[in-house]
Amino acid sequence: MARAGIGSGIVKLLIGAMGDRDKDVRRAAAWALGEIGDARAVEALMEALDDEYFIVRMTAAEALGEIGDPRAVEPLLRALRDRNEDVREAARRALEKLGWREDGNNTSSGSQT
């Protein structure tokens, strides 16, 4: 759920920062977008799950969990197979926030793959 009082321009700026060359800028933008909780960031955050740097992938997964948009379920399920354990754990926690459970007893509107 989006935080009240955060301007649309800030969210657009942060979404743009997700394409920055610097991994630290991308990570910070992902974190801020998760804190803001605006669903407009979901597409950029889902793309960041494929970033070359694990810290960006992990932060994007965490942010998607904070935003809580069911569109993120499938990409987060793929992130459960990430080569980095921290990314896999962040994806698992995000999926739990979205109502997905490994035992198949899911409340999310996403797939139960």
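Just one of (1) assigned to a helix (DSSP H, G or I); (2) at pLDDT 95 or above; (3) over 25 Å from residue 100 (Cβ atoms) fails for residue 9. It is (2). Kindly indicate whether any position in region 94-109 is modelled with pLDDT of 95 or more and of a type in the set (Val, Ile, Thr). No - not one qualifying residue is present in region 94-109. The condition of being surrounded by fewer than 17 Cβ atoms within 10 Å (Cβ to Cβ), charged (D, E, K, R) and over 22 Å from residue 7 (Cβ atoms) holds for only one of 57, 83, 40, that being 83. Whether a residue is modelled with pLDDT of 95 or more, over 22 Å from residue 95 (Cα atoms) and hydrophobic (A, V, I, L, M, F, W, C) was assessed, and residue 14 passes this test.
Here residue 50 clears all of (1) outside any helix (DSSP H, G or I); (2) surrounded by 17 or more Cβ atoms within 10 Å (Cβ to Cβ) except the condition numbered (2).
Applying a threshold of 6 Å to beta carbon distances and a minimum spacing of six or more residues, or different chains, the list of pairs starting in region 25-36 at a residue that is at pLDDT 95 or above and surrounded by 20 or more Cβ atoms within 10 Å (Cβ to Cβ) and ending at one that is assigned to a helix (DSSP H, G or I) and β-branched (Val, Ile, Thr) reads 26/56; 27/55; 27/56; 27/59; 30/59.
The values are calculated or read from the model by the stated rules, or taken from the named source; none is laboratory data. All of these numbers come straight from a predicted model, not from anything done at the bench. Glycine also receives a Cβ, built like all others from the backbone with ideal geometry; neighbour counts cover every protein chain displayed.
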